[in-house]
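Working notes, structure below.
Throughout, read-outs are computed from the coordinates displayed, never taken from laboratory work. No experiment lies behind these values; they were computed from the predicted model shown. As a convention, Cβ positions derive from the backbone with ideal geometry for all residues, glycine included, and neighbour counts pool all protein chains shown.
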Amino acid sequence: MLQIKLPNFIIAGVNKAGTTSVFQYLLGHPQVCGSRDKETGYFLSYLFRKQPLPINVYNEQFLDYKNEKIIMEATPGYFFGGLPLAIAINQVVQKDCKVLIILREPVSRLVSFYRAKKKNLELDSDMDFKSYVNTCLNMPEKNIMLQENNRFAGIFYGFYFKYIDAWFTVFGTNLKIVFYDDLKENPKLFINEICHWLEIDSGYFDDFNFEIENKTYAFKNRQIQKMALTVNTGAARFWRKNPVLKKWIRKHYFKVNKSNEKEILDEETINLASSLYQPYNLKLKHFLIEKGITNIPDWLNK
């Protein structure tokens, strides 16, 4: 009889904070089995207030399991589902499942989120950053949390303090909070610390090439980009298993359709976002210190 194992390690947040890179780095480790899709999204029904899919849909994500110590998935949107979503995960997955949350300075995360939505053709081509932020702010929060409006959650998803307590409540010492700053500065040290926490061999990464995954970029031709997205999404599992081929194709695609031009962001809008996040960052700083997390990045000390 086929043995089905569910995750004992979940990367639960946040969007545009390096979760794809961390998942991809760990995916090749001989002691790690990753989900067939990086973002299974199984528990997002609790964020979007929809009926959960049958559990066999989730089971199917882990059919590649071959007695690895760690069974992993990574859906960064989970973080924003708060207590109901955290409880649902805890009731379904393995006992003592570990949860990793990567936090990024919220303004830079907002900009990256906006650019990713533009790259994925989820926003109108003539929508600039200022109009995007205004649309986010003018939409009621109850509407923001509808799945069809998720692309306009950029502002709200930076209020980390609103969501983080639920994860400590449910997962306690099995929760690890880390920072994108550290991943960017020294990915090897970052991953070695994750390996130590997961109790797997960090030696796999001694000569590892820590290339950044899921970079946000601008494109030249919208129709060519649309075709590329269709191919990338439709064959996501194939690309995940063949990263060298994917990198080769991506390199040549960029030669054809990647644009080096970047939108000049409105400084007044950047300052507005900073002012919105400041009180939440201050509360988050004190919260993390109370939890014993004192090695915090500069953006929380401002």
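Give the average over all directions of the projected area of the C-alpha convex hull of segment 252-302, one decimal, in nm².
Average of the hull's projected areas for segment 252-302 equals 6.2 nm².
Calculate, for Asn90 and Asp201, the FRET efficiency according to 1/(1 + (r/R0)^6) with r their C-beta to C-beta distance and R0 25 Å; round to the nearest 0.05.
Computed FRET efficiency for Asn90 and Asp201 comes out at 0.35.
If you line up the Cα atoms of the chain on their principal axes, what length do they span on each, largest first, in Å?
56, 48, 42
Using only helices, what value at 222 nm comes out for the chain when you add -39,500 (n - 2.57) per DSSP H run of length 4 or more and divide by the total residues, to the nearest 500 deg cm²/dmol?
-14000 deg cm²/dmol
GluC sites (Glu not before Pro) within segment 153-217: which are DSSP loop residues with at most 15 other Cβ atoms inside 10 Å?
Qualifying residues, ordered by number: Glu199, Glu211.
Which residues does the label zone of Ala218 cover in segment 247-278, counting backbone N under 15 Å from a point 7 Å along Cα→Cβ?
257-267
Read phi for every residue in segment 236-248 and hand back ³J(HN,Hα) as whole Hz from Karplus 6.51 cos²θ - 1.76 cosθ + 1.60, θ = phi - 60°, with x for Gly and Pro.
Values per residue, Gly and Pro as x: 4, 5, 5, 5, 4, 8, 10, x, 5, 5, 4, 4, 5 Hz.
Looking only at Asp165, Asp96, Asp206, which one moves most when the chain is put into a Gaussian network model with springs between Cα atoms under 10 Å?
Asp206
Within straight cross-link reach of Lys262, meaning Cα distance under 16 Å, which lysines are found once same-chain residues fewer than 8 apart are removed?
Output for Lys262: Lys117, Lys118, Lys119, Lys130, Lys215, Lys220.
For segment 82-161, run through the trypsin sites (Lys or Arg not before Pro) and keep only the ones in DSSP coil with at most 11 other Cβ atoms within 10 Å of their Cβ.
Passing both the DSSP loop test and the Cβ count: Lys95.
By how many nm would the segment from Lys262 to Thr135 grow when fully extended, if each residue of separation counts as 0.36 nm and the alpha-carbon distance is taken off?
Using 0.36 nm per residue and subtracting the Cα-Cα distance, I get 43.6 nm.
Considering only DSSP beta bridges with both partners in the chain, what is the antiparallel share in %, to the nearest 5?
Percentage antiparallel, nearest 5: 10.
Rounded, prolate or oblate, given the Cα gyration tensor of segment 55-165, with a/c below 1.5 counting as rounded?
Taking the square roots of the gyration eigenvalues as a ≥ b ≥ c, segment 55-165 is prolate.
With contacts defined as alpha carbon pairs under 8 Å and 6 or more residues apart, what's the relative contact order of segment 125-253 in percent?
Normalised by residue count, the contact order of segment 125-253 is 9 percent.
If you keep only loop residues by DSSP, which trypsin sites (Lys or Arg not before Pro) in segment 174-262 have at most 16 other Cβ atoms within 10 Å of their Cβ?
The qualifying sites are Lys215, Lys220, Lys262.
In terms of the Cα gyration tensor, with a ≥ b ≥ c the square roots of its eigenvalues, is segment 166-302 rounded because a/c is under 1.5, prolate because a/b exceeds b/c, or oblate?
Verdict is oblate for segment 166-302.
Take the chain, connect every pair of alpha-carbon atoms lying under 10 Å apart with a spring to form a Gaussian network, then pick out the residue of Ala74, Ala235, Ala273 with the largest mean-square fluctuation.
The residue that fluctuates most here is Ala235.
When N counts the residues of segment 144-194, how does its alpha-carbon radius of gyration compare numerically with 2.2 N^0.38 Å, as a ratio?
Relative to the rule-of-thumb radius for its length, segment 144-194 sits at 1.49.
Between Rg and the Kirkwood Rh of segment 72-111, both from Cα atoms, what is the Rg to Rh ratio?
Ratio of gyration radius to Kirkwood radius: 1.04.
When Rg is the radius of gyration of the Cα atoms in segment 105-168 and Rh is its Kirkwood radius, what does Rg/Rh come to?
Rg/Rh for segment 105-168 comes to 0.98.
Contour minus end-to-end for Asn301 and Asp182, with contour as 0.36 nm per residue of separation and end-to-end as the Cα-Cα distance?
41.3 nm
Report the extension gain between Arg237 and Phe208 in nm, rounded to one decimal, defined as 0.36 nm multiplied by the number of residues separating them, less their alpha carbon distance.
Working it through step by step, the gained length comes to 8.2 nm.
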